[in-house]
Amino acid sequence: MARNLARILGGCGSLVPFMKTPACPPRNSSSIPPARTLVMLFSKSRDFSLPNSSWGEEMMRLYEFYNGQSDVETEGEENQGREWKRLPSYNRSLKYATGGVYLSKIIQSKARLFTRNIREPGAAFEYVLFINKEKERCVCVFQAGHLLEGPPGHVHGGAIATMIDTVTGTHASAISAPVMTANLNIDYRSPIPLGSTVLIESTLEKTEGRKLYISCKVTSTDGSKRHTDATALFVSISVAHLLKG
């Protein structure tokens, strides 16, 4: 089981924060499908990181800017940071794993990723993440929809915190999956207007054993306004630790 779970976690990308989960149900004919290769529920699902009709001009401009630099190197020049990789984003993770290990008790059939559970495009969280592993950075282009209102006409602080946790958690997972959020400190500096597009940038500051320290900032797209600063601590979780749950 530990071997199967290791394969599962290695392919999850980002299950953050990783909640304490119950053990998988015992293997029997009624609860476990026949053994099969890894089947991702999102294999035929919509990739939410791709453009849709709700994306504004600024969202599209920044998407094209970073996507145009994804895995590109200019001949005769150094990389110059041209190693951004777009991270696909779905509203589910996985359900079955090699060997027939059934995960319905961990990831229930009706569950949906919190930031991807609104069907109406542009209504809530519209975002795309790019990662640069060499420079240990991650950047997110985020457009806030009308369902995220807190103060009149502005984004709720909880929605901002959700996006910061999503970006820093995804970043940490790309370095050392799986991880769980141990601490998240946020300083709100200026409100974000609903419908606006902002940049959320995270940087790996240091690692200490299983601990990853990440800083994050939320700014206007031209960098002239600082909306939010944050620091986060993530802890890498071993398969053995998960099985004890």
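The gain in end-to-end length when the SER70 to SER190 segment is fully stretched comes to 40.1 nm, 0.36 nm per residue minus the alpha carbon separation. If you model region 159-245 as an ellipsoid using its alpha carbon gyration tensor, with each semi-axis the square root of five times an eigenvalue, the axes come out at 28, 12, 10 Å, biggest first.
For the pair MET60 and LYS135 in one chain, pulling the backbone fully straight at 0.36 nm per residue adds 24.6 nm over the alpha carbon distance.
Please tell me which of these pairs span more than 31 angstrom C-alpha to C-alpha: LYS110/LYS217; LYS133/LYS225; LYS85/LYS217? Correct reply: LYS110/LYS217.
Computed from the coordinates by the stated procedures, all read-outs in this text should not be read as laboratory data. This structure is a prediction, so every number in the text was calculated from the model and none was measured.
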